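Visitor: Mind looking over this structure? Questions follow.
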Amino acid sequence: MRSAQGTANGTEGLRAQNLSQILTMVHRDGPLSRAELTRRTGFNRSTVGALVLALTEKNLVRETEPVGGRVGRPSPIVRVNPGIAALAVNPDIDALTVGVVGLGGHVHARVRRETAGIPTLEEAVRLTGAMVSELQPVLGGIDRLLGVGIALPGLVNAGTGRVLVAPHLGWRDADLTGPFGTAVDLPAVAANDASLGSLAESIFGAAVGVADSVYLNGSASGIGGGIVTGRTQLVGSRGYGGELGHTLVRPGGSSCHCGRSGCLDAEVRLERLLGAAGLDGGGIEALEDVLADSPGPGIRSEAERQVELLTVALVNFVNIFDPSLIILGGFLGSLVDFAGTSLEDQVNSASLAGRVTVRRAALGPELLLVGAAELAFQPLLASPA
Ligand SMILES: [Zn+2]
């Protein structure tokens, strides 16, 4: 048994650490009984009771009696208060999506607004402010807004909150967190969209408990990646690692914004699928509807072509990283459903060793918002006191 008493010197620090551990546990794993928290933390029962009480007094968690009548004194269930929330923003070349996400990954609201053209940073900031104003009826029911998290399709320095380049948006070397934070009057944090998708899936989605995974996100802007190896996210020397979209899949193919040609990002594109489906906008959800409902020959052949090129890239990733799981989010998830088991079979038969599972992201269209909110939750989760 560990006790949360600590030495006189480190008592406050230790207590803060213990509060963080309990809050993070119920945030990530869902409602847990006091008995289960006691078992998982190794603290004694009265310590867990005191920590839960402290979190309850801060309105961060709530306790309810368990349902069902068992003999003896039942252990109360501890759950997060989803009214403790963050705003999440995902700018893309065709639309801006804003969400309100509570602790526990609970999405209270998600609004997607198509833009007339590719939005400038200033336009995206202005639209975010307007969309948040429209969300007032939802925000009225929120107890506390912690901040705003921004998921951006581009190279983002999470430490400084600046975008180095978001090639399809045309945003370069600009402060992100300052303008977005000012627009909604909250502290702001920003990161690459695919990294946040990977984070969200590892906490709430398909990659919970998986030590080695490759995540690929397909948005209107293109394809980004997140690599988790030995439970650690690969970030690179400056935090820009995981640009899996610039893997060569078709030598001499379509020209890519990176200056080369035949990259995955240039060949496997949402706009090509939408075009082949005869859709003018509507994004991933419109594409899913077409693919699910007996797609015509034009969209079928384009989807088959993209699945084939995606397979080339996935085989490379399996040979390089040896993941046990590949997760595909955004429109790449739509391609997983379209291809069925043949995608996984082909990746496994063409790669050198092992057996990888290929799965679509579990969190669907809410994925990036949940990841962006998670970023905004970090300070509270680290230090609830
Ligand atoms: Zn490229």
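The values are calculated or read from the model by the stated rules, or taken from the named source; none is laboratory data. In this text the structure is predicted, and so the values were computed from the model without any measurement. FYI the Cβ positions are ideal-geometry reconstructions off the backbone, even for glycines, and counts take in every protein chain you see.
Visitor: So Ile227 clears everything in (1) within 16 Å of the ligand (Cβ to nearest atom); (2) buried (at least 18 other Cβ atoms within 10 Å of the Cβ) except one condition, right? Which one?
Guide: All conditions pass for Ile227, except number (1).
Visitor: Considering only strands (runs of 3 or more DSSP E) fully contained in segment 149-206, which possess at least 1 residues that are among the hydroxyl-bearing types (Ser, Thr, Tyr) and either touching a strand residue (DSSP E or B) at 6+ places or on another chain (Cβ under 9 Å) or in contact (Cβ under 8 Å) with a residue 24 or more places away in the chain (or both)?
Guide: No strands (runs of 3 or more DSSP E) qualify here.
Visitor: In segment 238-260, is there at least one residue being within 13 Å of the ligand (Cβ to nearest atom), touching a Gly at 6+ places or on another chain (Cβ under 8 Å), under 25 Å from Trp171 (Cβ atoms) and of a type in the set (Lys, Arg)?
Guide: Among the residues of segment 238-260, not one is within 13 Å of the ligand (Cβ to nearest atom), touching a Gly at 6+ places or on another chain (Cβ under 8 Å), under 25 Å from Trp171 (Cβ atoms) and of a type in the set (Lys, Arg), which makes the answer no.
Visitor: Can you spot a residue in segment 64-71 that is surrounded by 18 or more Cβ atoms within 10 Å (Cβ to Cβ), touching a strand residue (DSSP E or B) at 6+ places or on another chain (Cβ under 7 Å), not in a loop (DSSP other than H, G, I, E, B) and not assigned by TED's automatic domain parsing to the domain that holds Gly275?
Guide: No, because not a single residue in segment 64-71 is surrounded by 18 or more Cβ atoms within 10 Å (Cβ to Cβ), touching a strand residue (DSSP E or B) at 6+ places or on another chain (Cβ under 7 Å), not in a loop (DSSP other than H, G, I, E, B) and not assigned by TED's automatic domain parsing to the domain that holds Gly275.
Visitor: Could you say which residue among Arg250, Arg238 is assigned to a loop (DSSP other than H, G, I, E, B) and modelled with pLDDT of 95 or more?
Guide: That would be Arg250, the only listed residue that is assigned to a loop (DSSP other than H, G, I, E, B) and modelled with pLDDT of 95 or more.
Visitor: Kindly indicate the residue of segment 21-33 that is over 21 Å from the mean Cα position of the chain (by Cα) and either of a type in the set (Ser, Thr, Tyr) or assigned to a helix (DSSP H, G or I) (or both) and also farthest from Ala382 (Cα to Cα) among those meeting that condition.
Guide: Ser33
Visitor: With (1) away from the ligand (no atom under 16 Å from the Cβ); (2) more than 16 Å from the chain's Cα centre (by Cα) as the list, and Ala266 as the residue in question, which single condition is left unmet?
Guide: Looking at each condition in turn, Ala266 falls short on (1).
Visitor: Which residues, counting only those in segment 214-246, are within 15 Å of the chain's Cα centre (by Cα) and polar (S, T, N, Q)?
Guide: Across segment 214-246, the qualifying residues are Asn217, Ser219, Gln233.
Visitor: Determine whether segment 191-214 contains at least one residue that is within 16 Å of the ligand (Cβ to nearest atom), in contact with a helix residue (DSSP H, G or I) (Cβ under 9 Å, 6 or more places away or on another chain) and either among the charged types (D, E, K, R) or farther than 17 Å from Leu152 by Cα (or both).
Guide: no
Visitor: With the condition kept exactly as written, say whether any residue in segment 50-60 is part of a helix (DSSP H, G or I), at pLDDT 95 or above and more than 30 Å from Gly140 (Cα to Cα).
Guide: Scanning segment 50-60, I find at least one residue that is part of a helix (DSSP H, G or I), at pLDDT 95 or above and more than 30 Å from Gly140 (Cα to Cα), so the answer is yes.
Visitor: If you don't mind, another one. Condition first: in a strand (DSSP E or B), touching a residue at least 12 places away in the same chain (Cβ under 8 Å), farther than 27 Å from Ala190 by Cα and not charged (D, E, K, R). Can you find one or more residues in segment 262-285 that meet it?
Guide: There is no residue in segment 262-285 that is in a strand (DSSP E or B), touching a residue at least 12 places away in the same chain (Cβ under 8 Å), farther than 27 Å from Ala190 by Cα and not charged (D, E, K, R).
Visitor: Identify the single condition in (1) under 22 Å from the mean Cα position of the chain (by Cα); (2) closer than 20 Å to Gly154 by Cβ that Val80 does not satisfy, given that it satisfies every other one.
Guide: Going through (1) under 22 Å from the mean Cα position of the chain (by Cα); (2) closer than 20 Å to Gly154 by Cβ one by one, Val80 breaks only (2).
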